[in-house]
Amino acid sequence: MQDVEMTEVEQVHPLQTQFEDAEDLMTSLGASSTPDAAIQAFQSLISYAEEDAALEQVQRVKEHSIYKLAQLYIQYGREKELATLLQSLRPFFATLARAKTGKIVRTVIDMVAKVKVLDSEKALQLQADLCLDSIEWCTQEKHTFLRQRAALTAARSISNTIYVVPRTQAQIDQMSGILHAEERDYKTAYSYFFEAFEALSTLDEVEGLKCLKYMLLAKIASGGASEVNLIINSKQAMKFIGIDLEAMQAVAKAHEQRSLELFEAATQKYAAQLVEDPLIKTHLGKLYEQLLESNLIKIIQPFSCVEIEHVAKLIKLPLAQIELKLSQMILDHKFHGILDQGKGQLIVYDSPTEDKTYTSGLGVIENVGNIVDNLFRRAEKLHA
């Protein structure tokens, strides 16, 4: 009797099922149908903001929902909604890698030219307005890494056509990894750091060790803290074992256990190995903030009203730091609530539910507006 190999079935996220239902709804629309239900379904998917919203599977569903929503706007000639789509997506863009954000922005702007109710001049003007608005937003948000990444892409292309010494090629890969890490695309950053490490480990031990630390940092930040020990025990990394790698192991352990106490202890004990490197210091700060936010949300979730001092005791951090962080999270809409500093309490509200009557009313006004616009265009053609 032969053994049957058991394969683990990948669990489908409920959001993926909702996306497929919305797709079916979109497919069933006829020429005379109104797309409001399908539009609302895709908008609901895009605005999904539960605890697992940062998962790659969820973000992929959101991205596809954006494209489907844009297709609906094109199909039914809703150029105004298509024009404001990018502005409404900016909170979501804050959670994405900048390369992915750039791809979505370019795709939506390109879609404007496909709106049938617009002539070529109006479509071009709308695209220009969207480009200017996006440039202004990028300037305000300091999204300046796309230009540098383009320069590095050109450098990599040139290095593939001519002979480049291994050290220079490794430096190009290392810089590419640094920029992708700045854009929070840690998986791509890890692959570049790995390529750079393979070359530098035999050429320059000092630079090789630095690149290995960056590689481990990218692995931790991308959710692979449990794999750090496997990387350190690999053949290439064995010769670099020392206090620097001990520091990265301590960070990985703290991140895996979601322990702020261990995280702070690691940064204090290994300050010379972690804090003195500006890249590691920056990304450790981001990891610490993410860890602090997730732990705070986990603590306050069961309460509608809780003393801030009690929260500070549970999380073992100074009261002033917790007050400041909670106020920042409220302003960033990480949860709904207020700080009553007179009583020293945090009052947590339930997430507000959207009034469907208001949405339906907006839909009716929108449909009337589209009808009036169509009648106006027909009247213009008759008088022409």
Failed item, numbered, when F193 is tested on (1) outside any helix (DSSP H, G or I); (2) under 23 Å from the mean Cα position of the chain (by Cα); (3) of a type outside the set (D, E, K, R) = (1)
Elements of type helices (runs of 4 or more DSSP H) contained in segment 240-319, each with 1 or more residues being among the aliphatic types (A, V, I, L, M) and farther than 30 Å from G208 by Cα | 278-300, 308-315
Boolean, L230 is part of a helix (DSSP H, G or I) and crowded, with 18+ Cβ neighbours inside 10 Å | no
I220 is checked against (1) more than 23 Å from the chain's Cα centre (by Cα); (2) farther than 27 Å from T168 by Cβ; (3) touching a residue at least 40 places away in the same chain (Cβ under 8 Å) and fails just one. What number does that condition carry?
-> (1)
Could you pull out every one of the helices (runs of 4 or more DSSP H) wholly within segment 47-128 that has 3 or more residues that are in contact (Cβ under 8 Å) with a residue 60 or more places away in the chain?
-> 98-111
Looking at segment 249-265, is at least one residue under 17 Å from Y288 (Cβ atoms), touching a helix residue (DSSP H, G or I) at 6+ places or on another chain (Cβ under 6 Å), assigned by TED's automatic domain parsing to the domain that holds A154 and of a type in the set (S, T, Y)?
-> no
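The values are calculated or read from the model by the stated rules, or taken from the named source; none is laboratory data. Not measured: the values here are computed from a predicted model. In this analysis, Cβ positions are derived from the backbone assuming ideal geometry, glycine residues included, and neighbour counts consider all displayed protein chains.
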